[in-house]
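Participant: Have a look at this one before I ask anything.
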Amino acid sequence: MKVSDFHYDLPESLIASEPLPRRTDSRLLVLDPATGAITDDRFPGIRQWLQPGDLLVLNDTRVLPARLYGHKDTGGAIEILLERLTGGTEALAQIRASKTPRAGTQLKLEGGIEAEVTGRAGEFFRLRFSDQRPLPELLERHGHMPLPPYIRREDTAADRARYQTVFAAKPGAVAAPTAGLHFDEPLLDDLRSAGIETATLTLHVGAGTFQPVRSETVSGHQMHAEWLSVSESVCEAVAATRARGGRVFAVGTTVVRSLEAAAQAGQLAPYEGETEIFIYPGFEFQVVDGLITNFHLPGSTLVMLVSALAGREHILAAYRHAVAKEYRFFSYGDAMLILPQVST
């Protein structure tokens, strides 16, 4: 397969740069992968597509205000996007500067924060911060929300809340698990009252999720690594759902990657660590039946993932429909519900 097989035409005017007034104001495109049938709905209408006994699995990662601005000790301006906190006062980061900083370069950042470049780890820089306070605390005080590169504006105070799910609990992500942004507490309560269960896992979304696929073939791409944790309670919730004849819906591609990574041995089991799992057509799903997701960048690994679940032709047809109907795309955009292939 070629990466070009997963491209589609998207007018820039459909890229959502601002959230809607309310989380549940989003539209919902419903795709039946068994037939290719498409239905236009509103996000609160998701209740009618779910059944009592179904399970929604959520990603409870919390987005860090991981973007920092400052300058090198030589005076050159820099922009830092932390990729991952690696323990104590150290982190991996992307650095944008006129000249690539070398090991030993001192960085002076907003809020009086100082850091030293200690080396490289692939495409990332290793940083050591001089302040002994916890890095999440420093970021909460002085960092900026790391809006995706296709949102061409500065972050605002409102993004602190809206580029975060209402169930965010565990700090560590530098990008939001955006499918979860459409839920508010009343909708979640309404779904639970209708007999739809929820469970949470954690995958700290990295900036690598926005990196373009640079190979011409799908098989030539190397996925970035992300840290995840699937607990025993999630495994038990999935098993209980299967036992009662319910269906497992992943809320977001990060949940798909987490559940399927934790099931690579053949069955779902607790897992904590990194994954580089790459899901594209031909992948055999072990856990996930259905998916709630946003619309993804043309030619991205996430378009490949949803194509693996619903079929490439069905996905591209759904995207063409979404463009024609002027759905809003990407992180602050509208949602898609991919129904299970076969009811259980």
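Participant: For the range 111-121, check the following and say yes or no: at least one residue is within 20 Å of the chain's Cα centre (by Cα) and not in a loop (DSSP other than H, G, I, E, B).
Facilitator: There is no residue in the range 111-121 that is within 20 Å of the chain's Cα centre (by Cα) and not in a loop (DSSP other than H, G, I, E, B).
Participant: Further question on the same structure: Given the conditions (1) closer than 16 Å to Leu81 by Cα; (2) modelled with pLDDT under 95; (3) surrounded by 14 or more Cβ atoms within 10 Å (Cβ to Cβ), which single one is not true for Glu140?
Facilitator: (3)
Participant: Then there's this: I need the full set of residues from the range 243-262 which are assigned to a loop (DSSP other than H, G, I, E, B) and out of contact with any helix residue (DSSP H, G or I) (no Cβ under 6 Å at 6 or more places or on another chain), in order please.
Facilitator: Scanning the range 243-262 gives Arg244, Gly245, Gly246, Arg247, Ala262.
Participant: What number goes with the only condition from (1) charged (D, E, K, R); (2) within 21 Å of the chain's Cα centre (by Cα); (3) under 30 Å from Leu187 (Cβ atoms) that Glu83 does not pass?
Facilitator: Every listed condition holds for Glu83 apart from (3).
Participant: Another question, if that's okay. Out of Thr293, Thr301, Thr275, report the one residue that is of a type in the set (Ser, Thr, Tyr) and farther than 18 Å from Ala225 by Cα.
Facilitator: Within the list Thr293, Thr301, Thr275, the selection yields Thr293.
Participant: Follow-up question, since we're still on this one. In the range 207-241, what residues are touching a residue at least 12 places away in the same chain (Cβ under 8 Å), out of contact with any helix residue (DSSP H, G or I) (no Cβ under 8 Å at 6 or more places or on another chain), assigned to a helix (DSSP H, G or I) and under 19 Å from Glu276 (Cα atoms)?
Facilitator: Answer for the range 207-241, where residues must be touching a residue at least 12 places away in the same chain (Cβ under 8 Å), out of contact with any helix residue (DSSP H, G or I) (no Cβ under 8 Å at 6 or more places or on another chain), assigned to a helix (DSSP H, G or I) and under 19 Å from Glu276 (Cα atoms): Ala207, Gly208, Phe210, Ser219.
Participant: If Leu181 satisfies every condition in (1) in contact with a helix residue (DSSP H, G or I) (Cβ under 8 Å, 6 or more places away or on another chain); (2) over 21 Å from Ala158 (Cβ atoms) but one, which is the exception?
Facilitator: It is condition (2) that Leu181 fails.
Participant: Oh, and also: All but one of (1) surrounded by fewer than 19 Cβ atoms within 10 Å (Cβ to Cβ); (2) touching a strand residue (DSSP E or B) at 6+ places or on another chain (Cβ under 8 Å); (3) part of a loop (DSSP other than H, G, I, E, B) hold for Lys99; state the number of the condition that does not hold.
Facilitator: (2)
Participant: Pairs only if they're at least six apart or on different chains, beta carbon under 7 angstrom, first in the range 34-47 and over 18 Å from Thr178 (Cβ atoms) and among the basic types (Lys, Arg), second at pLDDT 95 or above and not in a strand (DSSP E or B); list them, first residue then second.
Facilitator: Arg47/Asp190; Arg47/Leu191; Arg47/Ala194
Participant: For the subset of the range 42-80 comprising residues that are within 24 Å of Cys235 (Cα to Cα) and of a type in the set (S, T, N, Q), which member is farthest from the chain's Cα centre (by Cα)?
Facilitator: Gln51
Participant: Give me the residue from the range 300-344 that is among the β-branched types (Val, Ile, Thr) and surrounded by fewer than 24 Cβ atoms within 10 Å (Cβ to Cβ) and, out of that set, farthest from Gly282 (Cα to Cα).
Facilitator: Val323
Participant: Got a number for residues in the range 169-200 being under 20 Å from Arg67 (Cβ atoms) and surrounded by 18 or more Cβ atoms within 10 Å (Cβ to Cβ)?
Facilitator: Selection size over the range 169-200: 9.
Participant: Tell me, please, whether a residue that is of a type in the set (Asp, Glu) and farther than 30 Å from Gly195 by Cβ can be found in the range 275-297.
Facilitator: Within the range 275-297 (the criterion being of a type in the set (Asp, Glu) and farther than 30 Å from Gly195 by Cβ), the answer is yes, since at least one residue qualifies.
Participant: Moving on. Residue check: is Ser17 in contact (Cβ under 8 Å) with a residue 24 or more places away in the chain, in the same structural domain as Leu302 (by TED's automatic domain parsing) and surrounded by 18 or more Cβ atoms within 10 Å (Cβ to Cβ)?
Facilitator: No; evaluated as a whole, the condition is false for this residue.
Participant: Next up: Which of the residues belonging to the range 310-335 are in a helix (DSSP H, G or I), under 24 Å from Thr24 (Cβ atoms) and of a type outside the set (Gly, Ala, Ser)?
Facilitator: Matches in the range 310-335: Tyr319, His321, Val323.
Participant: In this structure, does Thr61 turn out to be of a type in the set (S, T, N, Q) and surrounded by fewer than 16 Cβ atoms within 10 Å (Cβ to Cβ)?
Facilitator: Here the answer is no, as Thr61 does not meet what is asked.
Participant: Given the structure, is Arg67 surrounded by fewer than 19 Cβ atoms within 10 Å (Cβ to Cβ), farther than 30 Å from Gly290 by Cα and not polar (S, T, N, Q)?
Facilitator: Answer is no for this residue.
Participant: So which residues in the range 251-287 are within 16 Å of the chain's Cα centre (by Cα) and of a type in the set (A, V, I, L, M), if there are any at all?
Facilitator: Selection gives Val251, Val255, Val256, Leu259, Ala261, Ile277, Ile279.
Participant: If you don't mind, another one. Output the residues belonging to the range 263-277 that are crowded, with 17+ Cβ neighbours inside 10 Å and part of a loop (DSSP other than H, G, I, E, B).
Facilitator: Ala263, Leu268, Ile277 - these are the residues of the range 263-277 that are crowded, with 17+ Cβ neighbours inside 10 Å and part of a loop (DSSP other than H, G, I, E, B).
The values are calculated or read from the model by the stated rules, or taken from the named source; none is laboratory data. Since this is a predicted model, take the numbers as computed values, not measurements. No Cβ is skipped: glycine too gets one built from the backbone with ideal geometry, and neighbour counts run over all protein chains shown.
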